[in-house]
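The structure appears below as structure tokens.
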Amino acid sequence: MLDWEEFSKHLSQMKSLSDELLDGWAILGKTGTENGAYLAKKVPRLFEEALLLFEYNVVYDLSYGVPKLCFNVFRTDGSMLQLNECIHVLGFDGEPVLVLTQMDHPVLQRPFFTLHPCKTSEFMDFCSNSKNPLVSWLSAIGPTVGLNLANEYSQCT
Amino acid sequence: MEQSQLLQFVPFSSCINHSFWNKYTEIKLDVDKLEEKGRSIWGYYSYIESQLSPFIEVDSTSFNIKGADLKGQLAVAGKLFNKNTIENFKDCDKMGLIKASGDEIWENIINGKCLKSPGLLNSFVVLSFADLKKYNYYYWFGFPAPSNVNLKLNVIEDISGKFNNDQMDQLYVNYSNLCEDQKHFFLVHKEHFEMKHLEAVVDLKDTLDQYYMAFSDACFDPKYSGWVLKNFMLFLMYYCDKLRGKQVDFLSFRVSRENGKISLLKSLLIRASLPEEFGKPEAWIGWERNERGKMGPRMVNLKSSIDPQCLAETAVDLNLKLMKWRLLPDIDLEKIKNAKCLLLGSGTLGCSVARVLLGWGVRQIKFVDNSTVSYSNPVRQSLFTYEDCVAGKPKAQAAADNLKKIFPGVESEGYNLTIPMPGHPVGESTLEHTKETVDKLRDLIVESDVVFLLMDSRESRWLPTLLGLVYGKLVLNAALGFDTYLVMRHGVRGETQNCSNNVKGFKMIKGNNLGCYFCNDITAPGNSLKDRSLDQQCTVTRPGISQIAGALVVELAISILQHKLGGFAPAYYKMQKSAEICEDSAVEDCILGVLPHSLRGFLSTFTQVLPATEKYNQCIACSDSIVEAYRTKGFEFLLNVFNSSQVLEDMTGLTEMYTLKDNTIMDMSDSE
């Protein structure tokens, strides 16, 4: 478990490091209010010769008390990929999709593909030695949905 | 490099974030409405390495007064021209539009605004039209640049050939200290790497050869420059007349991450000669090619992600797909989604059934009822509200309307019909109307896949039981007592493949040998009065019981739909008390489990039993003689039955069997 205060603190720390690394993470939403802010980054990527824009958001899940990774994928014309297309792009074809689902973004109130937070708490306990469990968690689960955190982030864990 | 070569420029392409269209739609509907005069927007390009060709991105922040401040991205001011009609969009003078945009850049050069804000040298224009009924968005991006300005290329090489690592580090430190709004174009001293804002060109007029003309590049191809250099040239030609026809050293700043370190290793030194001739550019180019490589607009349909109704439909389907992915990979959700359901009775059972069907993703639901919503209804009947009573709405219509409010993706319809009943004589004056009603009910049944009998009287179930059987539909029945319920599937007719899997302690009845509501009720008259689970008493029930029975009858229907034999699926009836169906029993079940014939529940003891009974050869609704009479005589036969239900007993040979008068359908009360 991670309370909102801790989550915000780790979020800011990650954002500062990202600024140093020019890694493109930004804090959006309202920073003052509880569960009002989130961390966002856009990652352009070529897939089958087409440019796709992955928009990753790290948000806070109030009911589970853990961070949650959500994302949407767009084509350059602004159209969104459907879940089955995402699954294809991420190379999950044929594999059971156990944790990927669609949930409403807690701040934007729009549907985002989300790694379901039901197992996150266990994982966070595992990261309890980390100075920044948020970063530890994100670097571990991010790659499953194509988000690779640069090695330099390990300096804050 | 050969002397004669011209420097090539990689144009920008457009990249639209989904949030851009959301905001665009909102502004079009709420603010701009029919306004066409153009709206200032922001775009962004990145000078950080990616494997992609350079692009300018727009998103929801593009509409803000001040552009978003994001590290690594530079803002570009652009203009959006949103046309009201497709004709205006097509007929718009594109050359004129991009020229106007270019002329504005030119204005900003000569009036000196570009000196303070170098970013103004870059610009873009978007021509668009949105068909918001269909959620079709037509658009065309242009990135204006003068058409006739060329650079003779002498050298293009990595700066690592020119600078050592320490020098590159020094360059980066100075670069990162520049404000983002000065990073578009700036000057770098060739010896000590001091960086100066662009406006310094005016004062440095005579010593400009000591400086690199530097710019942040979005292009990462080592052989080419990004598009932004074109307008930079124009600027230099205007302000630095001594550079005309001369060789100029450009630095194309390209930031990349090398072994975890931010580096300028990929940056380029471009040595090129400016033209001698100079004047205001006559023509501007820069319209983007579309996805087919043609000079033309693009179109995107965003119905699935902007239309709230589509969002709801996707979310409902996705929720069910999660069940498929996580628990039941073999479930056939399409079969459920496409099942056309007819609900006869729109009261407490009808409402419950409709809601559970909605939960399963069923999209086609028709309601039939003959009364209006009364003041006692809404508290028990989950689709109605107090307003419906005040308005005196017909129940079937109110249920259909309210179902759409819950989920607009459903195709629901309501029909105000009184189902003709045995023993309810049809007079001369109502004959035509009765015939129409029978025809309508028959059509509704023929058009559907699953028929639910959810009425509050017993005799009104007779006609749809017969019609459902004749037309080969799945018929399910739910009936309530005060604290008891009966949920059952009617047997089907026809031949089926062999399924002779006997399970020890159970009797198996094939689906085409199962009884209907009427056979079963008559074959089991011995139930004590307290166990009478049917509507034989009246419609006073414990409020929870209709929710239970409504849910069960839908779940039973879904299980039938998922069984490979459908309505022919056998039912198992427990013969020995100790018998259990266990996992390795050779039971013909479906992915959702076993398929009982009927479920009888008793709320007073909170228990449920699963009896299965065979069809009754003298049944007044489903026996062969009745079916045959309907097939041969049609409405004439029905009319006889309506006029006197004695006909049924005579035909099936029941008459002589009856001893208990009060168990026959003729004694049913007419009241509901």
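Coordinate-derived values only; no laboratory data. Since the model is a prediction, treat every value here as computed from it, not as a measurement. Here Cβ is always computed from backbone atoms with ideal geometry, including for glycine, and neighbour counts include all displayed protein chains.
Peptide A:66-78 has a mean shielding of 5, counted as Cβ atoms of other protein chains within 10 Å of each residue's Cβ. Under 20 Å of direct C-alpha separation, and excluding same-chain neighbours fewer than eight residues apart, B:K633 reaches these lysines: B:K435, B:K440. Charge dipole of the protein assembly as shown (Cα centre as origin; +1 on each Lys and Arg Cβ, -1 on each Asp and Glu Cβ, all else neutral): 360 debye, rounded to the nearest 20. Listed cross-link partners A:K42/B:K23; B:K99/B:K280; B:K340/B:K510; B:K33/B:K294 are compared with a 22 Å cut-off, the Cα-Cα value being larger for B:K340/B:K510; B:K33/B:K294.
For B:L151, the residues 5 or more places off, or on other chains, whose built amide H falls under 5 Å of its own are B:L7. A simple packing score, the average count of other Cβ atoms within 10 Å per residue, orders the peptides A:107-120, B:342-355, B:206-219 as B:342-355, B:206-219, A:107-120, with the highest score first. For B:G296, the residues whose modelled amide H falls within less than 5 Å of its own, excluding neighbours fewer than 5 places apart on the same chain, are B:N290. Measuring from centroid to centroid over Cα atoms, what is the spacing of the stretch B:362-424 and the stretch B:1-74 in Å? Rounded to whole Å, the Cα centres lie 51 Å apart.
Over the stretch B:183-254, what is the mean sequence separation of C-alpha contacts under 8 Å (at least six apart), divided by residue count, expressed as relative contact order in percent? Normalised by residue count, the contact order of the stretch B:183-254 is 35 percent.
Packing here is the average count of other Cβ atoms within 10 Å per residue, and on that basis the peptides B:98-108, B:324-334, B:451-461, highest first, run B:451-461, B:98-108, B:324-334. The relative contact order of the stretch B:349-435 comes to 32 percent, based on Cα pairs under 8 Å that sit 6 or more residues apart.
For the residues of B:15-23, the average number of beta carbons from a partner chain within 10 Å of their own beta carbon is 6.
Think of chain B as a dipole: +1 on every Lys or Arg Cβ, -1 on every Asp or Glu Cβ, centred on the Cα centre; then among B:G423, B:G142, B:N165, B:N165 lies furthest on the positive end. Among the trypsin sites (Lys or Arg not before Pro) in the stretch A:18-60, those placed in a DSSP loop whose Cβ has at most 16 other Cβ atoms within 10 Å are A:K30. For chain B, relative contact order (Cα pairs under 8 Å, six or more residues apart, normalised by length) works out to 10 percent. In straight-distance terms, cross-link reach from B:K162 covers every one of the lysines whose alpha-carbon lies under 22 Å from its own, apart from those fewer than eight places away in the same chain; here that gives B:K152, B:K183, B:K190, B:K196, B:K223, B:K246, B:K261, B:K266.
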